[in-house]
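Peer 1: Before we start, here is the structure in question, set down as structure tokens.
The values are calculated or read from the model by the stated rules, or taken from the named source; none is laboratory data. No experiment lies behind these values; they were computed from the predicted model shown. Note that we place each Cβ from the backbone using ideal geometry, even for glycine, and neighbour counts take in every protein chain shown. The protein model used for the area step is the full one, side chains on, heavy atoms only, and it has no ligands, DNA or RNA in it. Shrake-Rupley method; radii C 1.70, N 1.55, O 1.52, S 1.80 Å.
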Amino acid sequence: MIVLERLFELTARGATVGREVRGGITTFMAMAYIILLNPIILAGARDVTGAQLSIGQLTTATALAGAVSTLLMAVVGNAPFGLAAGLGLNAVVAYQAAPFMTWPQAMGLVVLEGLVIIILAVSGVRRLIMDSIPLALKHAISVGIGMFITLIGLVDAGFVSGTGGTPLQLGTAGHLTGWPVTVFCFGLLLMIVLFIRKTPGAILLSIVITTILAIVVNSLAVIDPKTWGVVVPRVPDSIVSTPDFGLVGQFDLFGGFVTAGALTATIVLFTLVLSGFFDAMGTIIGVADEAGLVDTRGRVPRLGRILTVDGVAGMVGGSVSASANTVFVESAAGVGEGARTGLASVVTGALLGLTMLFTPLAEVVPAAAAAPALVLVGALMMTQSRKVPWDDLELAVPAFLTIALMPFTYSITNGVGAGVISYTLIKAARGKWDEIPWLLWVVSLIFLVYFAIDGLF
């Protein structure tokens, strides 16, 4: 007990071992869905060579990275935060980076993203960046990513498709057909109901129940296995297995700049940094405030250490091919159960590590069961739109373009670029040069070259 007191300052934060353990378990239950969902997202994409990643190896990598990152947060940051592969960040890797480079090269950019976050965290440059990006665009980026991953979920589930005469249509023939779509609809409605009712572990519980339903349906009905997507729901041969660490260490730091070109790789890296950095800042401040860890001046204890760990977590995620790890907003669930210190994160991290033994279970979860989580998380990210001043067109138009172009062009980078360029030009056209930070001019120029690259060369 004395050791725990010395390490985690339990008394000073009004914490008890019992509440920390309960909070750590709650955080794990709230965020464990990512162990099933992250492999679905990454394995559903192909790199520039057409290669796909293994669900089993991705599950091991996701759990390993989450465990290591969360335990680092416990020891270094002494904060009740769980970390794992960030939704939105994995979409950038899968759909923005991979199509232009190999998987190891894409993961190399993730490692570099984490390194940049660390440098920003320890150098004070983060304030310069935060001040240069308008707050409305920061919120719009979160909303746009939410819309994007929602569309990914709907497409993966077969709820919408682009195979008809219109860019998008309902189902594959203008209407909903097939058991996988039915299973998806059931899972989505179940997840919404459980989440609204504040059921503990609502997302994970819904995925589990929907997967069981999918297994039953697949065993009783005559279904083309291809309609399920990457994973066909079947009863696993075993529940426990030896973790497959085949993806650990499979990253190439600078190869992406050669394969995809320096400009494209830089833009992807910039998008990863921008998304990861601001998402982490918002989550850390919000959850810390909920835990009563913010002082009267709005400062979070050990913020520098916490941000540094978040950067290290990005490097950890990339080094094991799990995509960038970041602080999970679901940590608020554990805080609600009494978590106040890093001891709760020790519990969360240990449980994440334990899940590496149960990878066969993840290999039976079809997209129809996991995709509802993307839709729900997208809906939750959409709530950020209320913070955009829609009555101010100088901000509303760039925010709208940021949000709309991410799902409409299937690219997070395009949305960020359109928002930054339009904001800069609108302010310049209104003669408000003093409201445009010099760094924003640099970023706008980079994006202009990015959009015009095919026409220039």
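Peer 1: Of these, THR308, THR348, which one is open to solvent by 10 Å² or more (accessible area, probe 1.4 Å), touching a residue at least 40 places away in the same chain (Cβ under 8 Å), among the hydroxyl-bearing types (Ser, Thr, Tyr) and part of a helix (DSSP H, G or I)? Break it down into steps so the answer makes sense when it comes.
Peer 2: Working: THR348 fails: open to solvent by 10 Å² or more (accessible area, probe 1.4 Å).
The unique qualifying residue is THR308.
Peer 1: Which one of the conditions (1) at pLDDT 90 or above; (2) under 26 Å from PRO200 (Cα atoms); (3) surrounded by fewer than 24 Cβ atoms within 10 Å (Cβ to Cβ) does THR59 fail to meet, given that it meets all the rest?
Peer 2: Among (1) at pLDDT 90 or above; (2) under 26 Å from PRO200 (Cα atoms); (3) surrounded by fewer than 24 Cβ atoms within 10 Å (Cβ to Cβ), THR59 violates only (3).
Peer 1: So, one more: If you go through the range 6-16, how many residues are surrounded by 15 or more Cβ atoms within 10 Å (Cβ to Cβ), out of contact with any Ser or Thr (no Cβ under 6 Å at 6 or more places or on another chain) and not in a loop (DSSP other than H, G, I, E, B)?
Peer 2: Result for the range 6-16: 1.
Peer 1: Could you tell me whether any residue of the range 155-173 is out of contact with any His (no Cβ under 6 Å at 6 or more places or on another chain) and assigned to a helix (DSSP H, G or I)? Before the answer, list the steps.
Peer 2: Taking the range 155-173 as the starting set, the residues that turn out to be out of contact with any His (no Cβ under 6 Å at 6 or more places or on another chain) are 155-173.
Within this subset, residues satisfying the condition of being assigned to a helix (DSSP H, G or I) are 155-156.
Checked against the condition, which is being out of contact with any His (no Cβ under 6 Å at 6 or more places or on another chain) and assigned to a helix (DSSP H, G or I), the range 155-173 yields at least one hit.
Peer 1: Any idea which residue in the range 71-85 is least open to solvent (accessible area, probe 1.4 Å), counting only those that are touching a Lys or Arg at 6+ places or on another chain (Cβ under 8 Å) and among the hydrophobic types (A, V, I, L, M, F, W, C)? Step through it out loud before you land on a result.
Peer 2: Quick first cut of the range 71-85, residues touching a Lys or Arg at 6+ places or on another chain (Cβ under 8 Å) only: 76-80.
Restricting the remaining residues to those that are among the hydrophobic types (A, V, I, L, M, F, W, C) gives 76, 79.
Values: VAL76: 54, ALA79: 3 Å².
That would be ALA79.
Peer 1: How about the range 23-109: which helices (runs of 4 or more DSSP H) wholly inside it have at least 3 residues that are hydrophobic (A, V, I, L, M, F, W, C) and in contact with a strand residue (DSSP E or B) (Cβ under 9 Å, 6 or more places away or on another chain)? Walk me through how you get there before you give the answer.
Peer 2: Details: elements: 33-43, 55-72, 89-92.
In the range 23-109, the matching helices (runs of 4 or more DSSP H) lie at 33-43, 55-72.
Peer 1: I'm checking my understanding of the structure. Among residues of the range 267-294 that are charged (D, E, K, R) and open to solvent by 60 Å² or more (accessible area, probe 1.4 Å), which one is modelled with the lowest pLDDT?
Peer 2: We begin by selecting, within the range 267-294, every residue charged (D, E, K, R); these are 279, 289-290.
From what is left, the residues that are open to solvent by 60 Å² or more (accessible area, probe 1.4 Å) are 289-290.
On the way: ASP289: 71, GLU290: 66.
Among those that are charged (D, E, K, R) and open to solvent by 60 Å² or more (accessible area, probe 1.4 Å), it is GLU290.
Peer 1: So VAL365 ticks every box in (1) surrounded by fewer than 22 Cβ atoms within 10 Å (Cβ to Cβ); (2) touching a helix residue (DSSP H, G or I) at 6+ places or on another chain (Cβ under 9 Å); (3) not in a helix (DSSP H, G or I) but one. Which box is left unticked?
Peer 2: (1)
Peer 1: Among the candidates LEU247, LEU253, single out the residue that is touching a residue at least 40 places away in the same chain (Cβ under 8 Å), buried (at least 19 other Cβ atoms within 10 Å of the Cβ) and assigned to a loop (DSSP other than H, G, I, E, B). Write out each step before concluding.
Peer 2: Values: LEU253 fails: buried (at least 19 other Cβ atoms within 10 Å of the Cβ).
Result: LEU247 is the single residue among LEU247, LEU253 that is touching a residue at least 40 places away in the same chain (Cβ under 8 Å), buried (at least 19 other Cβ atoms within 10 Å of the Cβ) and assigned to a loop (DSSP other than H, G, I, E, B).
Peer 1: Is it true that ALA339 is part of a helix (DSSP H, G or I) and among the aliphatic types (A, V, I, L, M)?
Peer 2: Values: part of a helix (DSSP H, G or I): no; among the aliphatic types (A, V, I, L, M): yes.
Answer is no for this residue.
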